[in-house]
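Peer 1: Got a structure for you, written out below as structure tokens; questions coming shortly.
The values are calculated or read from the model by the stated rules, or taken from the named source; none is laboratory data. Treat the numbers as computed from the prediction; the structure is a model and nothing was measured. Cβ placement follows ideal geometry from the backbone for every residue including glycine, while neighbour counts extend to all protein chains displayed. Calculation scope for accessible area: heavy atoms of the full protein, side chains included, ligands and nucleic acids excluded. Shrake-Rupley method; radii C 1.70, N 1.55, O 1.52, S 1.80 Å.
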Amino acid sequence: QVQLVESGGGLVQAGGSLRLSCAASGGSFNSRTMGWFRQAPGKEREFVADISWNRGSPRYADSVQGRFTASRVNANATVYLHMNGLKPDDTAVYYCAAGRPWASPVLPSMYAYWGQGTQVTVSS
């Protein structure tokens, strides 16, 4: 069983920055693709970024490309999402998710474990 705990959300003005963290426990972190998703009120959960266990460069949604940076520190079993140039449209609950070992998840349904989420609110 993998547990994921997000932190770092909050209220920020447009143009500001936040760094989200997701600490994993339960093993096999190094072999899991880790994803970041977000869900705004009244909208479906959407992909933000992922960082594979075996691919060098993270992938990003078009809406955050160039503003957000995903990274991971395997020694600490932690993934990060650095968010710069935040916009009001980035307001959402942000979730991290862990894929199954050695898998390459694409859809949210393909992730095995989810954190509880952390609220990010961007004021205009």
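Peer 1: I want to confirm something. Restricting to the stretch 93-122 and keeping residues that are under 15 Å from Gly10 (Cα atoms) and outside any loop (DSSP other than H, G, I, E, B), which single residue is most open to solvent (accessible area, probe 1.4 Å)?
Peer 2: Gln119
Peer 1: Additional query: Just to be sure I understand, how many residues within the stretch 1-25 are surrounded by 13 or more Cβ atoms within 10 Å (Cβ to Cβ) and part of a loop (DSSP other than H, G, I, E, B)?
Peer 2: Counting residues in the stretch 1-25 that are surrounded by 13 or more Cβ atoms within 10 Å (Cβ to Cβ) and part of a loop (DSSP other than H, G, I, E, B) gives 5.
Peer 1: May I pose another question? Residues in the stretch 65-73: is at least one small (Gly, Ala, Ser), crowded, with 22+ Cβ neighbours inside 10 Å and touching a residue at least 40 places away in the same chain (Cβ under 8 Å)?
Peer 2: no
Peer 1: Looking at Pro41 and the list (1) at pLDDT 95 or above; (2) open to solvent by 50 Å² or more (accessible area, probe 1.4 Å), which single condition is not satisfied?
Peer 2: Against the list (1) at pLDDT 95 or above; (2) open to solvent by 50 Å² or more (accessible area, probe 1.4 Å), Pro41 comes up short only on (1).
Peer 1: Could you say which residue among Asp90, Asp62 is loosely packed, with under 14 Cβ neighbours inside 10 Å, out of contact with any helix residue (DSSP H, G or I) (no Cβ under 6 Å at 6 or more places or on another chain), of a type in the set (D, E, K, R) and modelled with pLDDT of 95 or more?
Peer 2: Asp62
Peer 1: Here is a further query. When the stretch 41-62 is examined, which residues are found to be within 14 Å of the chain's Cα centre (by Cα) and either among the aliphatic types (A, V, I, L, M) or not in a strand (DSSP E or B) (or both)?
Peer 2: Arg45, Val48, Ala49, Ile51, Ser52, Pro58, Ala61
Peer 1: May I pose another question? In the set Leu81, Leu86, which member is among the aliphatic types (A, V, I, L, M) and part of a loop (DSSP other than H, G, I, E, B)?
Peer 2: That would be Leu86, the only listed residue that is among the aliphatic types (A, V, I, L, M) and part of a loop (DSSP other than H, G, I, E, B).
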